[in-house]
Each structure stands twice: as structure tokens, then as C-alpha cells.
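Take a look at the structure below.
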Amino acid sequence: MTDAIRPILTGQKTLIVGIANEHSIAYGCAKAFRTAGSELAVTWLNDKARPYVEPLATELEASIAAPLDVAVPGQLEAVFDLIRARWGKLDNLVHSIAFAPKEDLQGGLLDCSAAGFATAMDISCHSFVRMAKLAAPLMTGGGSMFAMSYDGATRVVPNYNVMGPVKAALEASCRYLAYELGGAGIRVHAISPGPLKTRAASGIKDFELMLNDAAQRAPLGELVDIMDVGFACAYLASDFARRITGGTIYVDGGANVVA
Ligand SMILES: NC(=O)c1ccc[n+]([C@@H]2O[C@H](COP(=O)([O-])OP(=O)(O)OC[C@H]3O[C@@H](n4cnc5c(N)ncnc54)[C@H](O)[C@@H]3O)[C@@H](O)[C@H]2O)c1
């Protein structure tokens, strides 16, 4: 499919946050944006993650690569300082990160601690608001922002637990950011992919059941892959989607419309 992609994002600059390895949704996004012609900035979580992410950054010809743990004060600002100094502008931002402490994620919502809830909300949701605030002034010619959600935001998905309310907050944040940034020509999308076998997914109990259910329910009859998500985002970043903002876009083979 990549051979057929036209370079519709040539000249654009895209920050991708959330590559852990080649299975990450963020890697699919990076590859799709690069295939469509965008220059990339990518980040890795910490020194432990760096050896896995740096070779991918090289393969993707990323012109900026830097560490970013959104829980470490100053690191997010440092990434945007680099972007400002090197590029002087930004066109697209992809937020593809989530975290909840294991003991809070794997129990039901009733058993989630206040601290666990706050951490999950900060890393998985408020960090997107912080990124949007730093990105917007660099999007002088308009731009697009993406945050990865999941169907568990609007319906109960067994074992998704605290991440359900967190993704609901993330989708609502996308709507409010779309409202606040629309005047600057900045579009904001929540993307809701079907289940994908990634490292983050391995923290969810009985994830295989979610995969089976998604494959069975999807009218298109199969699971999605990370390039499906990446190309959907690349399309939304293009002028072809210039009047689309604020919504949740499902990339799930249609599973969400089937009871
Ligand atoms: N895999 C799925 O089935 C699925 C489905 C829908 C939505 N999502 C969402 O997609 C996003 C990406 O997850 P993935 O499935 O690609 O898994 P992944 O494990 O490949 O990516 C998760 C990323 O979050 C990053 N991260 C965690 N804490 C961080 C912090 N403090 N600062 C910066 N980065 C941090 C990790 O380093 C990692 O790169 C998440 O928001 C996830 O909830 C996943």
C-alpha cells in the first residue's frame, strides 16, 4: 500500500510521541507521516527505551530525536525548545502514550487508588493538554493534533477499568481543544483504534479476548494494524480533511457500530 501513497504532507513537520518499539501505534503513525512526505521529530521515554527507539528514528530519517518522559518536569519544554530552534514551526502533533500503575489498572475502578487515578490521568490525558499548549504557538500556519483513545471511553469494556474514564476525559479534551484552537486553524482529533498487540496492551487482563471480540464484531472482518491507524492520521493531517475537527475517529474495521 505504501507505494501508492502520494507525498501529500511534503514540507510538513510532525512530532510523534509514544514510540517504544516497532509494534507501537506511534511507530505506525511515524511511518505513515514519513511516507506521506513529512519530516519527523520522535522521542523515547528514557535511557532504557533509547536503544529500541533510536534505530527506528534513524530508519525514519527523523531530524529531531530526544528523550521525553512527560512526568519529568522540563523535558516536554526541552523538546519544544529543540523544535523551535531547528524547525521554527510545527504542523502536526501525535500523542500516543498512556500509563496507569499495574495494581490500579488491573483491579476494577472501585479499587483504583486516588494516586493511581491521578497518575493515569496526568500521563495519559493532561500531558496532551500540556503538549497542545506548547505546540499551538508553533503551528502558525494551522496544524493538526492527534490523541489515541479507545472504545472503552464510551462503553464498558471488561478489564479496561480506570483507562475507560481516562480515555473519556481524553476525548472530551480533544473536543475542548478543537474549540479553543479552531480559530488558529488547528484541528484536534481523538483517534480510536481497534485493539492492537502492543506493549501497553499487554498490561490489560485477557487482552486476547478483546482481540477475538473485535475481529468477530468488525463488519470488515479483521483486526486493524498500526499502519491503518497511521494512514488515517496522515489523511486527517492533509488538506483533504481540512473541515474535520473535534471528533473521535474510529479506526476499527467498524466494530464500534455493532452491538
Ligand atoms: N494497543 C491497543 O490496543 C490500543 C488501542 C487503542 C488505543 N491505544 C492507545 O494507543 C496509545 C499507544 O499505545 P500502544 O498500544 O502503541 O503501546 P506502546 O506500549 O507501544 O506505547 C505506549 C507508549 O507510552 C509511552 N509512555 C508511557 N509513559 C510515558 C511517560 N511518562 N512519558 C512519555 N511517554 C510515556 C511509552 O514509552 C510507550 O512508547 C496509548 O494511548 C494507548 O492507550 C492502544
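Applying the criterion of being of a type in the set (Ser, Thr, Tyr) and surrounded by fewer than 18 Cβ atoms within 10 Å (Cβ to Cβ) to the residues of region 196-237, the residue that is nearest to residue 186 (Cα to Cα) is 235. Look at region 58-70: where a residue is at pLDDT 95 or above and a partner is small (Gly, Ala, Ser) and outside any strand (DSSP E or B), sitting 6+ places away or on another chain with Cβ atoms under 6 Å, you get 60/30; 65/57; 70/127. Quick check, is residue 180 modelled with pLDDT under 95 and either more than 12 Å from the ligand (Cβ to nearest atom) or within 19 Å of residue 161 (Cα to Cα) (or both)? No. Please work out if residue 11 is in contact with a strand residue (DSSP E or B) (Cβ under 9 Å, 6 or more places away or on another chain), over 26 Å from residue 194 (Cβ atoms) and not in a helix (DSSP H, G or I). So residue 11 fits the description; yes.
Scanning region 32-57 for residues that are within 13 Å of the ligand (Cβ to nearest atom) and either crowded, with 20+ Cβ neighbours inside 10 Å or modelled with pLDDT under 95 (or both) yields 42, 43, 44, 45, 53, 56, 57.
Restricting attention to region 23-57, the residues that are in contact with a strand residue (DSSP E or B) (Cβ under 8 Å, 6 or more places away or on another chain), part of a loop (DSSP other than H, G, I, E, B) and touching a residue at least 24 places away in the same chain (Cβ under 8 Å) add up to 2.
Remark: pairs (first residue in region 1-21, in contact (Cβ under 8 Å) with a residue 60 or more places away in the chain; second residue aromatic (Phe, Trp, Tyr) and surrounded by fewer than 23 Cβ atoms within 10 Å (Cβ to Cβ); Cβ separation under 6 Å; 6+ apart in sequence or on different chains) = 13/87; 21/52. Being modelled with pLDDT under 95, assigned to a loop (DSSP other than H, G, I, E, B) and not β-branched (Val, Ile, Thr) is a property that residue 205 has.
Which residue is nearest to the ligand (Cβ to nearest atom), if the candidates are limited to region 71-87 and must be touching a residue at least 12 places away in the same chain (Cβ under 8 Å) and not charged (D, E, K, R)?
71
Going by the structure shown, is residue 110 farther than 24 Å from residue 129 by Cβ and over 20 Å from the mean Cα position of the chain (by Cα)? Walk me through how you get there before you give the answer.
Numbers: farther than 24 Å from residue 129 by Cβ: yes; over 20 Å from the mean Cα position of the chain (by Cα): yes.
It is true that residue 110 is farther than 24 Å from residue 129 by Cβ and over 20 Å from the mean Cα position of the chain (by Cα).
Given the structure, is residue 197 assigned to a loop (DSSP other than H, G, I, E, B), out of contact with any Cys (no Cβ under 9 Å at 6 or more places or on another chain) and more than 17 Å from residue 251 (Cβ to Cβ)? Criteria not met by residue 197. For region 150-163, filtering for residues that are under 14 Å from residue 190 (Cβ atoms) and not aliphatic (A, V, I, L, M) leaves 4.
The values are calculated or read from the model by the stated rules, or taken from the named source; none is laboratory data. Treat the numbers as computed from the prediction; the structure is a model and nothing was measured. Glycine gets a Cβ as well: all are built from the backbone with ideal geometry, and neighbour counts include every protein chain shown.
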